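Colleague: Before I ask anything, here is the structure I am working with.
Computed from the coordinates by the stated procedures, all read-outs in this text should not be read as laboratory data. This structure is a prediction, so every number in the text was calculated from the model and none was measured. Don't worry about glycine lacking a Cβ; one is built from the backbone with ideal geometry, like all the others, and counts go over all protein chains shown.
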Amino acid sequence: MGAAVIVPAAGRGLRVGKNINKQYLHLCGKPLLAHTLGACLASQLFSAIIVAVTPGEEALFHRDVLLPWLPQDKITLVTGGKERQDSVYNGLQALSADTDLVCIHDGARPLVRPSSFCSCLGKAEEHGAAITAVPVKDTIKTVRANQVISTPQRETLWAVQTPQAFRFDLLVDVHRLAQSENYYATDDAALLEHYGHVVWVVVGDYENIKVTTPEDLLVAEALIRGRAACGSG
């Protein structure tokens, strides 16, 4: 099984409230993106690691993330696109045609564990497409104009994470279709769903948070320090 991972890291991350792409903010003295890519390397599952960065930030990535923290021969850099889906597509173009499976993992999820990559890849190898997700803990309301419209059954609701894993040829096919139709989805799983493919779910990890707000930075740093204190990764 030849597996690769694409890490979209081209977002601006404006909600985090800083004047820098959140991927380069420091967590415990190291850029967020360096934590994420380090986790991909530590899994020892991938023959290729592709990272898509914001156009114009290639030199910043090399200076602050790649050179100080990562083996240069293990990471391939591509320029990200206008949307996340464009960045993933650019990453797909950089992969060898003999790739069997490809993971997509958000650059802003630095706390991913190797077990999440492993379980997601295993399910994708079996069924073609898989995502990690966790059951929601809160009651969810559908709201319109500040009024509750409905209350979905909580047991049917899962919060979707990355990694997401797919058979390489399948993901390339749906991306090419979407390109030809100018269709955009919120994630790669939704892209497959749109074109009629079944996506399977594996249970993720509540610690695998996506850093989006200033509060998320504090939580991520606390989790990293906690793992270091107890010797887990």
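Colleague: Touching a Cys at 6+ places or on another chain (Cβ under 9 Å), surrounded by 15 or more Cβ atoms within 10 Å (Cβ to Cβ), hydrophobic (A, V, I, L, M, F, W, C) and not in a strand (DSSP E or B), is that true of I209? Can you show your working first?
Modeller: Working: touching a Cys at 6+ places or on another chain (Cβ under 9 Å): no; surrounded by 15 or more Cβ atoms within 10 Å (Cβ to Cβ): yes; hydrophobic (A, V, I, L, M, F, W, C): yes; not in a strand (DSSP E or B): yes.
Considered against the rule, which asks whether it is touching a Cys at 6+ places or on another chain (Cβ under 9 Å), surrounded by 15 or more Cβ atoms within 10 Å (Cβ to Cβ), hydrophobic (A, V, I, L, M, F, W, C) and not in a strand (DSSP E or B), I209 comes out as no.
Colleague: Can you tell me which residue in region 184-196 is farthest from Y89 (Cα to Cα), limited to those that are in contact with a helix residue (DSSP H, G or I) (Cβ under 7 Å, 6 or more places away or on another chain) and in a loop (DSSP other than H, G, I, E, B)? Let's see the steps before the verdict.
Modeller: Residues of region 184-196 in contact with a helix residue (DSSP H, G or I) (Cβ under 7 Å, 6 or more places away or on another chain): 184-185, 188, 191-192, 195.
After this cut, where a residue has to be in a loop (DSSP other than H, G, I, E, B) as well, the list is 184-185, 195.
On the way: Y184: 12, A185: 13, Y195: 16 Å.
The extreme case among them is Y195.
Colleague: State yes or no: is A3 out of contact with any Leu (no Cβ under 8 Å at 6 or more places or on another chain) and buried (at least 16 other Cβ atoms within 10 Å of the Cβ)? Walk me through how you get there before you give the answer.
Modeller: Details: out of contact with any Leu (no Cβ under 8 Å at 6 or more places or on another chain): no; buried (at least 16 other Cβ atoms within 10 Å of the Cβ): yes.
In short, no.
Colleague: Same structure, new question: Across region 153-182, what is the number of residues that are without any contact (Cβ under 8 Å) to a residue 24 or more places away in the chain and basic (K, R)? Give the steps one after another, and end with the answer.
Modeller: Pass one, region 153-182, residues without any contact (Cβ under 8 Å) to a residue 24 or more places away in the chain: 153-157, 169, 173-174, 176-177, 180-182.
Applying the additional criterion that residues be basic (K, R) yields 154, 176.
Residues that pass the stated criteria total 2.
Colleague: Go over the candidates Q85, Q93 one by one and state the one that is touching a Phe, Trp or Tyr at 6+ places or on another chain (Cβ under 6 Å), more than 23 Å from S115 (Cα to Cα) and either surrounded by fewer than 20 Cβ atoms within 10 Å (Cβ to Cβ) or not aliphatic (A, V, I, L, M) (or both). Let's see the steps before the verdict.
Modeller: On the way: Q93 fails: touching a Phe, Trp or Tyr at 6+ places or on another chain (Cβ under 6 Å).
Matching residue, one of Q85, Q93: Q85.
Colleague: It is to be established whether one or more residues within region 119-129 are surrounded by 20 or more Cβ atoms within 10 Å (Cβ to Cβ) and not in a helix (DSSP H, G or I). Before the answer, list the steps.
Modeller: Within region 119-129, the subset surrounded by 20 or more Cβ atoms within 10 Å (Cβ to Cβ) is 120-121, 124, 129.
In the following step, the residues that additionally are not in a helix (DSSP H, G or I) were identified as 129.
For region 119-129, residues surrounded by 20 or more Cβ atoms within 10 Å (Cβ to Cβ) and not in a helix (DSSP H, G or I): present.
Colleague: I need the full set of residues from region 54-108 which are within 28 Å of G29 (Cα to Cα), out of contact with any helix residue (DSSP H, G or I) (no Cβ under 7 Å at 6 or more places or on another chain) and among the hydrophobic types (A, V, I, L, M, F, W, C), in order please.
Modeller: The answer is A59, F61, L67.
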